[in-house]
Structure formats: C-alpha cells, structure tokens
Amino acid sequence: MTQKLLITNAAQLITMAGHNDHPAKQEAMSDLEIIENGSVYIEEGKVVAVGTDEEVRADYQDLIGTESHIDATGKVVTPGLIDPHTHLVHAGTRENEYAMRLKGKTYMEIMQAGGGIHATTRATQAASHEQLYEESRKRLDQFLLHGVTTVEAKSGYGLTLEHELKQLEVAKQLDSEHPVDIVSTFMGAHAVPIDEKDNPEPFVNRVIDEMIPEVANKKLATFNDVFCERGVFTPEQSKRILEAGKQHGLIPKVHADEIEPYGGAELAAQVGAISADHLLKASEQGIKDMAEADVVGVLLPGTAFFLMAEFADARRMIDGGVAVALSTDANPGSSPTISLPFIMNLGCLKMGMTPEEVLTATTINAAHAIGAAGEIGSLEPGKKGDVTIFNVPNYLVLSYQYGMNHVDTVIKAGKALVLGGQLQ
Ligand code: NIG
Ligand code: FE
C-alpha cells in the first residue's frame, strides 16, 4: 500500500523553500517562506505537494478524517529540525565536574587534570557496544521528542582505533535502526590521550596514519573534525589532520576558537571546511575568511550558557556574511542537553539573533552544515517528508516561551513518530 500523509491547515506553514543551492546569509536568513493556512502532502516518504490548504486539500479529499490525515489547525508546521553538531555516542555523565566548576574550577583545568573529555573517554572505552547503543538510543528518543529528525554525531571519546570504530559503529547501527537519521563525523582528534599530553606527535600520527584510513575504508564517517584549541591541537596539527582526512574523502569540520582566539576560523576557511563550530572567540579576520570561503558557522550557545562564558557574536557574523546554523553540541561536559528549541531561545536572547534567523539556523542552514540540503531542511516537493508540528499559534512563541517543549507531532519520512507530544 502506498504510504500517504496529509497535514492540513497549519496556522503557519514554514517551508524554508528556496535556499537549496547555498545556505541562507544576511537578509536571506529572515526569509522563511511562510504559507498561512498551509497544507503538505507526503507520499512514500517524500514531500509531494506544499501550498495553501485550499490548493492542496482539493487533490486529497479522500484522506481527510482517515489515519493518514493530521489536522494542524492553530499550529505551526516546520521542516523537521536538524542538529548539526552532537557528541551523541558516549557513556556516562559528569555532574561531579559541574559541581567543581560551580565552585570556581575551569573547564580546561579539569580537562588538564585528567577529567573532562578524558573522563568520558575512560567511560566510553569501558562500555560495550551494546551499552553505548542503549544510552545513545535513549538520547535519540529525546531528540525526536524535541522535534529533531536528523543529527550529526561525532566520535572522539575512543581515542584509540578500536574504540573510535566502536563509537562510529554504534552511530551506524542507530542510523539504520532508529528513525532519526544520523550523519557521522570522525573526531579522533578530540583530545590528546592524557598519558601522551607532553608528547602529542605520535598520537597525531596515529590519527593520520591509522585511524583516518580505516574509518574511511569502512565508510563509517562523512566528516573529519578536530578540536583546534590551545592545550589540545595546534592549528598546524589540526591542518595536517584535516588535510589527511581530505585525502581519504572526509570533509573537514573544525571545533574553532571556543575558549580563546586561536586561528580556528581562519583554518576552516583555508582547508575548505564545510563548517567551523563554536567560534565564541573567533577573530574579525576569521569571520571574514569564513564568509568569503562559504564556511557555515555552527554556533553552540548551550556551551557558553553551561560554561558560564561569553556567547558567540552571531549578529556580527550574520551581518558580516557568514551563514549561521545552531546546534546543541549535546555532550556530557560542556552542553548536557538535547533541547534544540532551548538553543533557539539562547540564540535570540544571548547572541542577537531574530526569531526568523534561529529557525533558518536549525533547518536549512543546519542541513547545509552537514551537506544534506538536497534532501532535508525545507518542505519542498522531492525532499524527505520530515516535519515538526509545534503547538503554538505562531512561530514567535517558539523563541519567546523558554524551557518548555512545544513539540506536538514529529513526522519522519512521512511517518508520525510523535503524536500529542508522546512517542508512538
Ligand atoms: O564541543 N570542545 C570540545 N568538545 C566538546 C566537549 C566535550 C566534552 O567536554 O566532553 C565541545 O564542547
Ligand atoms: Fe562539540
């Protein structure tokens, strides 16, 4: 039987149409292509028709009132939200470090003393594939309940070939078994193992000579990411790792200028990265370089919020011509959340973005940040039938009311997985 789904009469149907070739920049980030009283028809997992209720309903009258019909009267319909930067697959939590930070210790001090990323690395190395799968699956369910239909997921808590592969294999299994789609990033260069911190070169060489070829050979990742930060990987080491990834078909991404200005944004432009992420301390020059080289700026305000740091200056980046996307950075150390809607609130309240811009940043621009704008990120004929329906009368309410979940319905490839805010 043909799989069909008709969504009718949304108060606002936010299509995000027209930004498929390039990510939205500057004024285009406010261009949501809203249809009032809008309807969508999805067949066999793909969007077939988008328009006003009058236009669309006429062709699919027979579905009204059946199980294949969702009435969105009084609600806001958007493309399924996309989270383009997560550390989804990991073991355990670090609330002890949170308590230490509240008493004055810094994130980097904790990491340099063997905690931080190293603590999660120990837990992740010790966990079996099945344990990691189970923990990560629960987080994916939470993403779905918060309206997210695609996530990018990084390795980087394995730090040995065996355990990096384990993380990526868990992500691959989740991608095939859980309805939320996963796009994988290899991030072997997330930290230098603690016992090698005074002599990082052999580790850098292992990432380049052992890990990257094997990950690429097994087709376990699309992207290659590096934590380019003082005390972690230098711009020079990061560049070697990213160039090596390119040789094996892995597209560069950079954790850039999170804690201090360190040339990460400049490096992302230089190596042709698809995105540079964090950018709290990005330099003027770095922002200029990113705008010119079309590097998407993935901003992660949950990190500044949780580390009690200064927020990235999204306003300056958007006005300077950088295409901005938003993400949770979901991870146990610097941003333990899966709530992309809360990140939208922070985008507005703490980074100078508008309600329109944060919607663009979590849909079509997020799709561009993971190279998937041909399939997801907007509601247009031919795209995947990924849809989120919010129980709010207009989209302004989404970035106005905070700390609550307005998600009513989530549809993945034409199938309703969340209804009335509940997993089906
Ligand atoms: O994106 N900055 C580096 N990595 C993560 C944090 C990882 C952790 O603390 O476990 C981030 O913030
Ligand atoms: Fe991160």
query = For region 1-112, what's the relative contact order in percent, using C-alpha pairs closer than 8 Å and at least 6 residues apart?
reply = 32
message = Starting from the 7 Å offset along Cα-to-Cβ, what nm value, one decimal, do you get for the label separation of L396 and K246?
response = 4.6
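Send over the Kirkwood Rh of region 109-169, from the inverse of the averaged 1/r over different Cα pairs, rounded to one decimal Å.
12.7
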Relative compactness, region 1-111, computed as alpha-carbon Rg over 2.2 N^0.38 Å = 1.63
request  = Read phi for every residue in region 187-198 and hand back ³J(HN,Hα) as whole Hz from Karplus 6.51 cos²θ - 1.76 cosθ + 1.60, θ = phi - 60°, with x for Gly and Pro.
outcome  = 9, x, 8, 9, 7, 7, x, 4, 6, 10, 5, 7
Prolate/oblate/rounded call for region 340-424, Cα gyration tensor, a/c under 1.5 rounded = oblate
task = Let me know the Rg and Dmax you get for the chain when you use only its Cα atoms, in Å.
result = 20.8, 69
request  = Provide the FRET efficiency to the nearest 0.05 for the N205-K415 pair, computing r from the beta carbons and using R0 = 41 Å.
outcome  = 0.35
remark   = To the nearest 10 degrees, the tilt of helix 129-145 (Cα long axis) against the first principal axis of the alpha carbons of the chain is 40
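Would you list D313, D319 from the most to the least accessible area, probe 1.4 Å?
On the way: D313 65, D319 95 Å².
The ranking, largest first, comes out as D319, D313.
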inquiry  = Could you compute how much accessible surface M100 exposes when probed at 1.4 Å, giving the result in Å² to the nearest 10?
reply    = 80
message = Rounding to the nearest 10 and keeping the result within 0 to 90°, find how far the Cα-based axis of helix 235-247 lies from the longest principal axis of the chain.
response = 60
ask   = Going from most exposed to least, what order do Y41, Y395 have by accessible area with a 1.4 Å probe?
value = Y395, Y41
ask   = In µm²/s, what is D for region 120-241 at 4 °C and 1.567 mPa s, where D = kT/(6 pi eta Rh) by Stokes-Einstein and Rh is the Kirkwood radius from Cα pairs?
value = 87
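Using 24 Å as the Cα-Cα cut-off, could you pick out the over-long pairs in K218/K281; K172/K288; K154/K288; K197/K239?
K218/K281; K172/K288; K154/K288
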query = In the chain, carbon and sulfur make up what percent of the accessible area (probe 1.4 Å)?
reply = 50
ask   = Rounded if a/c is under 1.5, else prolate if a/b is larger than b/c, else oblate: which is region 1-43, with a ≥ b ≥ c the root eigenvalues of its Cα gyration tensor?
value = oblate
inquiry  = Considering only C-alpha atoms, what is the centroid distance from region 72-125 to region 136-200, in Å?
reply    = 12
note = In degrees rounded to 10, the 0-90 angle between helix 161-177 Cα long axis and the longest Cα principal axis of the chain is 10
By average C-beta atoms within 10 angstrom, highest first, the peptides 144-151, 66-73, 400-407 = 144-151, 66-73, 400-407
message = Given a 10 angstrom Cα cut-off, can you work out which residue in P355, P213, P202 is the most mobile in a GNM of the chain?
response = P202
remark   = With -39,500 (n - 2.57) per DSSP H segment of 4 or more residues and division by the full residue count of the chain, the 222 nm estimate, nearest 500 deg cm²/dmol, is -9500 deg cm²/dmol
request  = List the relative contact order of the chain as a percent without decimals, with contacts defined as Cα pairs under 8 Å and 6+ residues apart.
outcome  = 21
note = Note, region 74-80: 3J(HN,Hα) by Karplus (6.51, -1.76, 1.60, θ = phi - 60°), whole Hz, Gly/Pro = x, goes x, 10, 10, 10, 10, x, x
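So for region 220-301, averaging the separation of alpha carbon pairs under 8 Å that are six or more residues apart and normalising by length, what relative contact order in percent results?
Relative contact order here is 25 percent.
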ask   = Can you pull the Kirkwood radius for region 72-181, inverse mean 1/r over Cα pairs, to one decimal in Å?
value = 15.4
inquiry  = Suppose all protein chains stay in the model; what accessible area per residue would a 1.4 Å probe give for the chain, in Å²?
reply    = 37
key: Length gained when the stretch A293-D71 is fully extended (0.36 nm per residue, less Cα-Cα span)   = 75.6 nm
inquiry  = Show me the ranking of peptides 220-228, 9-17 by mean Cβ neighbours inside 10 Å, starting with the highest.
reply    = 220-228, 9-17
query = Could you sort K383, K281 by accessible area so the largest value comes first, with the probe set to 1.4 Å?
reply = K281, K383
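The values are calculated or read from the model by the stated rules, or taken from the named source; none is laboratory data. From a predicted model like this one, the values you see are computed outputs, not experimental measurements. Glycine gets a Cβ as well: all are built from the backbone with ideal geometry, and neighbour counts include every protein chain shown. Only protein heavy atoms, including side chains, enter the accessible area calculation; ligands, DNA and RNA are left aside. Shrake-Rupley method; radii C 1.70, N 1.55, O 1.52, S 1.80 Å.
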